[in-house]
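Please read the structure below before turning to the comments.
Read-outs: derived from the displayed coordinates by stated rules, not from any lab. Owing to the predicted nature of the structure, the values given are computational and were not obtained by experimental measurement. Because the Cβ atoms are built from the backbone with ideal geometry, glycine has one as well, and the counts that use them run over all protein chains shown.
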Amino acid sequence: MSKAVVTGIGVVAPGGIGTRAFWDLLSSGRTATRAITHFDTTGFRSRIGAEVDFDPADSGLTHQETRRMDRAAQFAAVCTDEAIADSGLDFAGIDPGRIGVSIGSAVGCTVSLEREYVVLSDTGKNWLVDETYQVPHLYSYMAPSSLGCEVAWRVGAEGPVAVVSTGCTSGLDAVGHAVGLIEEGTADIVLAGATDAPISPITVACFDAIKATSPNNEDPEHALRPFDRRRNGFVLGEGAAIFVLESAEHARRRGVRGYVEIGGFATRSNAFHMTGLKPDGRELSEAIAVAMDRAHANPEDIDYVNAHGSGTKQNDRHETAAFKRALGERAHQVPVSSIKSMIGHSLGAIGSLEIAACALALQNQVVPPTANLEEPDPECDLDYVPKVARERELETILTVGSGFGGFQSAMVLSKPAGEIHV
Amino acid sequence: MSDDRAIITGIGATAPNGLGTEAYWAATLDGKSGIREIESFDPANYTTQVAGQVPEFVATQYVPAKVMVQTDRWTHLALAGAAMALADAGLDPAGMREYEMAVVTASSSGGSEFGQREIQKLWSNGPQHVGAYQSIAWFYAASTGQLSIMHGMRGACGVLASEQAGGLDVVAQSRRLLRRPDTTTVLTGGADHALCPYGMVAQSSTGRLSKAVDPERAYQPFTADAAGYVPGEGGAHFVMERADEAKARGASQRYGEVLGYAATFDPPPGSPRPPSLRRAIEGALADAGLTSADVDVVFADAAGDPELDRIEAGAIAAVFGPYAVPVTAPKTMTGRLYAGGASLDLAAALLSIRDNVIPPTVNVGEVATGCPIDLVTETRPARVRTALIVARGYGGFNAALVVRAI
């Protein structure tokens, strides 16, 4: 069985396009949350978001690609290009049948799906929508499988292509799925990652309805406060991260070590509530334990925990309990941080953005901070690396996700053995 | 003794031509179709006016009132199918070890009807009118979440969205999970429902839907009259488990073993490279350790589009030889069910193995030139030990699955 290593990274995130801009933001502790500009937010409870300043043409997309693709697909395409270039792989020389794709997304192409609905229904007047206003790619907006198609076409993949849509754990689960394909020998290379562009009226409204998002409209830069006692919900974000995931054997043959090796991955369901979390963190803890077991890692091996840290009252308590349960004493010694404090919660995409953050943390030997953490919640009593990034020797990192449906995911990443990838 | 073969021990079919596995199978062997004029809205002004609709489905029989309001009909169909599969397997997840049972479902369009209703409220009345359940009813993972809660299944979880190929991809993913020590049993399968006005208009944008209004003329794959497919709702769910676990608990029936699988993707549009379907079929046979001579029947994808039909018939003929293996498409009685479609074909394949009979492809005349296949158009008794199921998802997804009698 060959391990899977990340040998290329592509990122589109709030605060900047590209891996470099992404790491600059995270390591500086700045936040990219702001008042929403994508649409008029009058009448909404939460009017803030972490938006990407994105121009498809500037990022290299053609007019046809821009017309055809939803914003989430555009993010994925741009990330794919960066990841391929970063990997140094010559795809023309690889059997297309050995290249796979695994893309995660929670809400798929909802920006386009909603935009077109407004037209077809004549601004919500007609339930019997007018078919004569149908655009040619409408079906691709309803079926998120189109995100996998776009990435596959871009890279010429003819191996297995998957779209993983497990809500807010999609970004971890899609990469976990890709790891499975490599470990079982089905593919040598998988373009794996996740994308979401949820900042549209329907998605903002649905989180308003359950008060999951922060109403700190007057102070958007400091709105998302993970582990802080004043936290009052997450801030919706958007973005994508896509990786060239390669079998360690394939990478070794071409003299590349990669950023990180993905040692272990596991998912569990809490079977409790679609949005509610039991305070004990039992199932997330179990996912962590199984992921560590698969990675042959012990709690003492974990040098950094990239938290879900969504800044909702229940999540931060839930996962703090899960870390204590899974890591024991080590939970109190290891730095834990939430990059959502800086780039918001981009639903399905965030898990992959967090994997990218872990890979870059390892490369730079720096732990990104939890921004806006000023008044620690007594119930959240771990070392959350408040506000300022921290230099630290990093070998092995744990990253976790928790989402609607009760899904809990955990992944262990570590420094690959062998020659350094530049 | 350790026996880690992945076997299917429970089936729950929610099909347009029959609610419940035996009702579906009896109708299918009788050649009875569930395709008729759309009933959930007035389709008069739409290019596609017929669809496969699950008859007399009273969701409240399967879904508690509390869950009804927070779920789309697509999830109702999944909850019903899953309950049937668990009952058929004689399995109560409550009696199982804490994390040994996983849930993996396929979805292609999520809670379309629920979503249309909420977007309608937003744009007609304002953001405060969007209900609290939009956040959990519409997204593609809703069914997996509700299933795990309903039955207390806390093991691994998954949702795959590869359009029509998803129904096979989840079975392969379930087999992967069963090869790990922490999972012994998986509830899997797929369902879809997008028969609301916006869902239908979205589907018709591909240009692949049939425009015929006569239900008997609307979906005629592999014939010269092929002019699109009919969409439908529903699907099938399964209990899959390790053979040794099934034996240990005295499972009442074992429908078949999931023996081989492969998935491929077609080259980009306009590429001179050949389509990848043939490679998926060959890959599934190789994974199963079988040759084409071992396969007794092929359940076809049957796109109902002349070119796509030729590609599929060509791939089958290239692997098996022209007219060398019986090929059937019982989905001519249900329409294409997206994530539920290949799941329902898997149910049909397992029942074919159980009863040694091949269900028919209905409403088709002579097979088109360029489709050199033995298309089964009348219910055909035959020894069926091994079946191949083929599925393609819009955009280029190909999947092939081999199941074999125990």
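For the reader, a short list of remarks on this structure follows.
- Relative contact order, percent, chain A [alpha-carbon distance under 8 Å, six or more residues apart]: 24
- In this simple spin-label approximation, B:ALA248 and A:ASN364 carry label points 7 Å from Cα along the Cα→Cβ vector, and these lie 4.9 nm apart.
- Ranked A:GLU131, A:GLU82, criterion: other C-beta atoms within 10 Å, fewest first: A:GLU131, A:GLU82
- Distance between the 7 Å Cα→Cβ label points at A:ASP95 and B:ARG385: 3.0 nm.
- For segment B:176-206, the residues whose amide N sits under 17 Å from a probe point set 7 Å from the Cα of B:ARG97 along the beta carbon direction are B:177-187.
- Using C-alpha pairs below 8 Å separated by at least 6 residues, the relative contact order for segment A:40-169 is 32 percent.
- Full extension of the chain between B:PHE41 and B:ALA87 gives 13.2 nm of extra length, using 0.36 nm per residue less the Cα-Cα distance.
- Comparing B:HIS129, A:LEU373, A:VAL244 along the charge dipole axis of the protein assembly as shown, the residue lying farthest to the positive side is A:LEU373, per the Cβ-charge model.
- For the segment B:165-176, counting C-beta atoms of other chains within 10 Å of every residue's C-beta and taking the mean gives 2.
- Taking a ≥ b ≥ c as the square roots of the eigenvalues of the Cα gyration tensor, segment B:260-404 is rounded, since a/c falls below 1.5.
- Neighbour-count ranking [beta-carbon atoms within 10 angstrom, fewest first] of A:VAL290, B:VAL186: A:VAL290, B:VAL186
- About the Cα centre, charge dipole magnitude for segment A:56-103 (Lys/Arg +1, Asp/Glu -1 at Cβ), debye: 240
- Residue among B:TYR255, B:GLY234, B:ALA51 farthest towards the positive dipole end of chain B, charges placed on Cβ: B:TYR255
- Residues with amide H under 5 Å from that of A:ASN372, placed H, sequence gap 5 or more: A:LYS387
- Its DSSP H runs of at least 4 residues, each contributing -39,500 (n - 2.57), put the calculated 222 nm mean residue ellipticity of the protein assembly as shown at -9500 deg cm²/dmol, to the nearest 500.
- Neighbouring Cβ atoms from other chains, within 10 Å of the Cβ of residues in A:117-128, number 5 on average.
- Residues of segment B:46-62 with an amide N closer than 19 Å to a point placed 7 Å from the Cα of A:THR132 along the Cα-to-Cβ direction: B:46-49.
- Most fluctuating residue given options A:ILE242, A:ILE350, A:ILE210, as computed from a GNM of chain A linking Cα atoms under 10 Å: A:ILE210
- Restraint check, A:LYS211/B:LYS121; B:LYS66/B:LYS211; A:LYS125/A:LYS313; A:LYS278/A:LYS415; B:LYS66/B:LYS121; A:LYS3/A:LYS387, Cα-Cα greater than 28 Å: B:LYS66/B:LYS211; A:LYS125/A:LYS313; A:LYS278/A:LYS415; A:LYS3/A:LYS387
- If R0 is taken as 35 Å, the Cβ-Cβ distance between B:GLN61 and B:ASP4 corresponds to a FRET efficiency of 0.45.
- Here the extension length gained between B:SER271 and B:LYS211 equals 18.7 nm, from 0.36 nm per residue of separation less the Cα-Cα distance.
- For chain B: rounded, prolate or oblate by the Cα gyration tensor [a/c cutoff 1.5]: oblate
- Local charge for B:GLY304 was computed over the other residues whose Cβ lies under 13 Å away, with Lys and Arg +1 and Asp and Glu -1, and equals +1.
- This model, with +1 at the C-beta of Lys and Arg and -1 at the C-beta of Asp and Glu, gives segment B:128-209 a dipole about its Cα centre of some 280 debye.
- A Cβ-based charge dipole, computed about the Cα centre of chain A with Lys and Arg at +1 and Asp and Glu at -1, lands at about 540 debye.
- Other residues within the sphere of radius under 13 Å centred on the Cβ of A:ASP70, judged by their own Cβ, net out at -2 (K and R +1, D and E -1).
- Ascending count of other beta-carbon atoms within 10 Å, so fewest first, for A:HIS38, B:HIS76, B:HIS151: A:HIS38, B:HIS151, B:HIS76
- Across peptide A:182-189, the average count of Cβ atoms from other chains found within 10 Å of a residue's Cβ is 1.
- Theoretical gain in end-to-end length, A:GLN314 to A:ASP381 [0.36 nm per residue, Cα-Cα removed]: 22.7 nm
- Shape category assigned to segment B:1-159 from the gyration tensor of Cα positions, a/c cut at 1.5: oblate
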